[in-house]
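Enquirer: I'd like to ask you about the structure that follows.
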Amino acid sequence: MVADQRSMVQEVLAPPAISGRHLVKNYGPHRALAGVDIDVRRGEAVAIVGPSGSGKSTLLHVLAGIVPADAGEVCLAGSRIDELSEARRSELRRSEFGFVFQQGMLVDELTAEENVALPMLLGGTSRAEAMQAARYWLDRLGLAGRHRSMPGELSGGQAQRVAIARALAHRPTVVFADEPTGQLDSRTGAEIMDVLLEICAETNAAILVVTHDQELASRATRSIRIRDGRIESAVLTA
Ligand SMILES: Nc1ncnc2c1ncn2[C@@H]1O[C@H](COP(=O)(O)OP(=O)(O)OP(=O)(O)O)[C@@H](O)[C@H]1O
Ligand SMILES: [Mg+2]
C-alpha cells in the first residue's frame with residue numbers, strides 16, 4: 001500500500017475527533033437538546049444550521065464541555081471527556097479546542113499579536129514561541145501589517161481574522177465556531193468562512209461551524225440541520 005492510501009485508511013479507522021452520543025440538555029422544563037448523535041472527523045467541516053433557539057449553540061457548548069449534558073456522552077478522539085473534572089476539561093479546552101464567536105471577543109487592551117498569543121501563554125508556552133506563532137498566523141490571515149494594532153483600530157473582518165488566528169495558533173484538534181460571520185457583510189463573511197475552512201483543512205482540524213447562511217453552509221463538507229434540539233437532516237455538500 002502506498003503511503004497516501006495507508007494514511008487514508010488510518011484516517012477512516014481512527015475514532016472521530018469529536019463525537020456526541022444521545023446528548024440531552026434541559027433548561028428547566030425546556031429541552032434544548034433532545035438526543036443528538038454527532039461525529040466529526042479530522043479534516044471535516046460540519047456546518048450546523050437551524051432556526052433561532054433550535055439548540056445550535058447548546059450543542060457546541062455541550063461538546064466543548066462548557067455546559068454539562070443531562071444525559072449522553074462526549075468523546076474526544078475516542079475517549080470520554082464529559083466525565084473529567086472541570087479542571088481537566090478546562091485544560092483540554094485550552095489545548096485541544098479552538099473557539100471563534102460571533103463577535104471576536106478580543107481583549108481591547110492587548111495588541112492583535114498579544115491577543116493571538118494569550119491562550120498559548122496561558123497554556124504555558126514561552127513568550128518568544130507564543131509571539132512567533134502569533135505573528136505567523138496573523139500573516140497567514142492577511143494581517144502582516146497589523147501585528148501591533150489594537151482591536152479598536154481594526155475593521156470587523158480584520159478583528160474576526162485575529163480571532164481565527166487566536167483559535168488556530170495552538171493547532172487544535174477541534175474548532176468550534178458559533179456564527180463567526182454573523183456580524184459581517186456577506187462578502188466579508190464569505191471571505192472569513194473560506195479562510196477558516198481552508199486553514200482547518202490544512203491543519204487537519206475538525207470544525208463545527210454554526211451559520212444562518214445557507215450559502216456559507218454549503219461550503220462545508222457536511223451540513224446538519226437542527227430543529228427543536230434534534231438533528232432533522234444531514235446533507236453531504238462536498
Ligand atoms: N443558559 C440558558 N438558560 C436557559 N435557557 C437557555 C439557556 N441557553 C439556551 N437556552 C434555551 O435553549 C434553547 C436553545 O438555545 P440555543 O442558544 O442553543 O439556540 P441557537 O440555536 O443557538 O439559537 P440562535 O440561532 O438564536 O443563536 C433556546 O430555547 C434557549 O432559550
Ligand atoms: Mg446560538
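Enquirer: Keeping to the range 1-30, report how many residues are over 15 Å from Leu59 (Cβ atoms), polar (S, T, N, Q) and in contact (Cβ under 8 Å) with a residue 12 or more places away in the chain.
Expert: Summing the residues that are over 15 Å from Leu59 (Cβ atoms), polar (S, T, N, Q) and in contact (Cβ under 8 Å) with a residue 12 or more places away in the chain in the range 1-30 gives 0.
Enquirer: Kindly list, by first and then second residue, each pair from a residue in the range 169-191 that is under 18 Å from Leu59 (Cα atoms) to a residue that is of a type in the set (S, T, N, Q) and part of a helix (DSSP H, G or I), limited to pairs with Cβ atoms under 9 Å and residues at least 6 apart or on different chains.
Expert: Once the first residue is under 18 Å from Leu59 (Cα atoms) and sits in the range 169-191, its partners that are of a type in the set (S, T, N, Q) and part of a helix (DSSP H, G or I) give Thr173/Ser95; Asp178/Ser57; Glu179/Ser57; Pro180/Gln160.
Enquirer: For the range 145-183, which positions are at pLDDT below 95, within 16 Å of ligand 1 (Cβ to nearest atom) and either small (Gly, Ala, Ser) or over 20 Å from Arg219 (Cα atoms) (or both)?
Expert: The answer is Gly182, and nothing else.
Enquirer: I'm told Gly53 meets every condition in (1) closer than 22 Å to Leu168 by Cβ; (2) within 16 Å of ligand 2 (Cβ to nearest atom); (3) out of contact with any strand residue (DSSP E or B) (no Cβ under 8 Å at 6 or more places or on another chain) except one. Can you identify the failing condition by its number?
Expert: (1)
Enquirer: Tell me which residues, restricted to the range 176-205, are in a loop (DSSP other than H, G, I, E, B), under 11 Å from the mean Cα position of the chain (by Cα) and over 22 Å from Asp139 (Cβ atoms).
Expert: Glu179
Enquirer: Can I ask one more? Test Gly229 against the criterion of being over 18 Å from the mean Cα position of the chain (by Cα) and within 16 Å of ligand 2 (Cβ to nearest atom), and give yes or no. First the steps, then the outcome.
Expert: Details: over 18 Å from the mean Cα position of the chain (by Cα): yes; within 16 Å of ligand 2 (Cβ to nearest atom): yes.
Judged against the criteria, Gly229 is a match.
Enquirer: Among residues belonging to the range 89-106 that are of a type in the set (Gly, Ala, Ser) and under 30 Å from Ser155 (Cβ atoms), point out the one that is modelled with the highest pLDDT.
Expert: Selected residue: Gly98.
Enquirer: If Leu208 satisfies every condition in (1) part of a loop (DSSP other than H, G, I, E, B); (2) buried (at least 22 other Cβ atoms within 10 Å of the Cβ); (3) within 16 Å of ligand 1 (Cβ to nearest atom) but one, which is the exception?
Expert: (1)
Enquirer: Tell me whether the range 166-175 contains one or more residues that are over 15 Å from Leu106 (Cβ atoms) and not in a loop (DSSP other than H, G, I, E, B).
Expert: Looking through the range 166-175, at least one residue is over 15 Å from Leu106 (Cβ atoms) and not in a loop (DSSP other than H, G, I, E, B).
Enquirer: Those residues that are among the small types (Gly, Ala, Ser) and at pLDDT 95 or above, I need them from the range 1-27; list them, please. Reasoning before the result, please.
Expert: Within the range 1-27, the first condition is being among the small types (Gly, Ala, Ser), and the residues that meet it are 3, 7, 14, 17, 19-20.
Selection gives Ala17, Ser19, Gly20.
Enquirer: Here's something else I'd like to know. Within the bounds of the range 185-201, is there any residue that is closer than 21 Å to Asn115 by Cα, at pLDDT 90 or above and not hydrophobic (A, V, I, L, M, F, W, C)?
Expert: So far as the range 185-201 goes, no, none of its residues is closer than 21 Å to Asn115 by Cα, at pLDDT 90 or above and not hydrophobic (A, V, I, L, M, F, W, C).
Enquirer: Turning to a different aspect of this structure: As an exercise: evaluate Leu33 against (1) at pLDDT below 95; (2) more than 16 Å from the chain's Cα centre (by Cα); (3) buried (at least 20 other Cβ atoms within 10 Å of the Cβ) and give the number of the one condition it does not meet.
Expert: It is condition (1) that Leu33 fails.
Enquirer: Got at least one residue in the range 39-47 being among the β-branched types (Val, Ile, Thr), crowded, with 18+ Cβ neighbours inside 10 Å, away from ligand 2 (no atom under 16 Å from the Cβ) and at pLDDT 95 or above?
Expert: Step one: filter the range 39-47 for residues among the β-branched types (Val, Ile, Thr), giving 40, 46.
Within this subset, residues satisfying the condition of being crowded, with 18+ Cβ neighbours inside 10 Å are 40, 46.
Restricting the remaining residues to those that are away from ligand 2 (no atom under 16 Å from the Cβ) gives 40.
Applying the additional criterion that residues be at pLDDT 95 or above yields 40.
Checked against the condition, which is being among the β-branched types (Val, Ile, Thr), crowded, with 18+ Cβ neighbours inside 10 Å, away from ligand 2 (no atom under 16 Å from the Cβ) and at pLDDT 95 or above, the range 39-47 yields at least one hit.
Enquirer: Within 16 Å of ligand 2 (Cβ to nearest atom) and surrounded by 15 or more Cβ atoms within 10 Å (Cβ to Cβ), is that true of Val62?
Expert: Details: within 16 Å of ligand 2 (Cβ to nearest atom): yes; surrounded by 15 or more Cβ atoms within 10 Å (Cβ to Cβ): yes.
Yes: the conditions hold for Val62.
Yes/no matrix, rows are residues, columns are (1) in contact with a Gly (Cβ under 8 Å, 6 or more places away or on another chain); (2) under 26 Å from Gly182 (Cβ atoms); (3) of a type in the set (S, T, N, Q):
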{"site": "Gln5", "(1), (2), (3)": "no, no, yes"}
{"site": "Leu33", "(1), (2), (3)": "yes, yes, no"}
{"site": "Ser52", "(1), (2), (3)": "no, yes, yes"}
{"site": "Thr58", "(1), (2), (3)": "yes, yes, yes"}
{"site": "Val62", "(1), (2), (3)": "yes, yes, no"}
{"site": "Glu73", "(1), (2), (3)": "yes, no, no"}
{"site": "Ala77", "(1), (2), (3)": "no, no, no"}
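Enquirer: While we're on this one: Checking Arg227 against (1) free of Cβ contacts under 8 Å to residues at least 12 places away in the same chain; (2) farther than 26 Å from Ala112 by Cβ; (3) charged (D, E, K, R), which test does it fail?
Expert: Looking at each condition in turn, Arg227 falls short on (1).
Enquirer: Let me confirm something: among Glu129, Glu109, Glu73, Glu86, which residue is of a type outside the set (S, T, N, Q), surrounded by fewer than 16 Cβ atoms within 10 Å (Cβ to Cβ) and modelled with pLDDT under 95? Break it down into steps so the answer makes sense when it comes.
Expert: Details: Glu129 fails: modelled with pLDDT under 95; Glu109 fails: modelled with pLDDT under 95; Glu73 fails: modelled with pLDDT under 95.
Being of a type outside the set (S, T, N, Q), surrounded by fewer than 16 Cβ atoms within 10 Å (Cβ to Cβ) and modelled with pLDDT under 95 holds for just one of Glu129, Glu109, Glu73, Glu86, which is Glu86.
The values are calculated or read from the model by the stated rules, or taken from the named source; none is laboratory data. Computed from a predicted model, the values in this text were never measured in an experiment. Don't worry about glycine lacking a Cβ; one is built from the backbone with ideal geometry, like all the others, and counts go over all protein chains shown.
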